Amino acid sequence: MTKKSIQIHLIFFFLLPMAIHAQTFLGFKAGLLTTPSIVYTDVKYSNSNIDFKPSFAVSGMIKRQVVKYFTIGTNINYDFYKADFKSSWYNPDGESGSKEATYEFGFLGLYLYPQFNFGKTVQFFFNFGFYYGVLTNSSVKVAGEESHAKDDIMSSVIGLASEIGLQYAINQNWQVFLDISGKRVQSLVIDNGLQAQYDLTLSFGFFFKISKGKNNTE
């Protein structure tokens, strides 16, 4: 499947929930984004480490409540990353060296998912689905000099994601929630080594009902 066909399919699935005649909620959330450090070796480097710093993520959301305990949702996310890269290398000829760099980059992503809810006023929920992200900005600083980092970071990524959390219905129109979301993508191509990263985000947000629909929510 080509990159263009993937984008067409994602746009179709983004618009699909809008065709379902059901209660519709718009929402927003913001949270703390963390990514575990990545340690790897290859034929050129040893003791290489990518140390991600805590950063932030924000999301705009739309969900369609098909029945009481099942919704279909779409999130548009912006994830910002900052990471320090350090490595030392050697070869059989006795040559050695080191490299240090600081990366900053962001992805605008689309997350599509089915969601399952349990409870009444306070609900536990979880969802899972596919994530597609596009690189929006990137920079790398080496020895005090800053430049674009597009050669070290994928221009687009595809991965799996999931969310679990608790939501509270303030009234018929407003909900607030706390969730933990995670995803796995491959975005870094530092020194020609494609590195997988695992993100974890703790977020707080709200939903507002914009249409009632005619679904069975009782």
For a quick check of your reading: which strands (runs of 3 or more DSSP E) sit entirely within the stretch 53-170 and have at least 3 residues that are within 20 Å of the chain's Cα centre (by Cα) and surrounded by fewer than 19 Cβ atoms within 10 Å (Cβ to Cβ)?
55-67, 70-90, 96-119, 122-142, 156-169
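Sort out which residues of the stretch 173-204 are outside any strand (DSSP E or B), at negative phi and modelled with pLDDT under 70, and write them in order of number.
Result: Val189, Ile190, Gly193, Leu194.
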Tyr113 vs. criteria aromatic (Phe, Trp, Tyr), touching a residue at least 40 places away in the same chain (Cβ under 8 Å) and closer than 21 Å to Met61 by Cβ:
yes
When the stretch 19-52 is checked residue by residue, the ones that are under 30 Å from Thr71 (Cα atoms), surrounded by 13 or more Cβ atoms within 10 Å (Cβ to Cβ) and modelled with pLDDT under 65 are Ile20
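The values are calculated or read from the model by the stated rules, or taken from the named source; none is laboratory data. Here the structure is a predicted model, which is why all the values come from computation and not from measurement. When we count neighbours, we look across all protein chains shown, and the Cβ atoms used for this are built from the backbone with ideal geometry, even at glycine.
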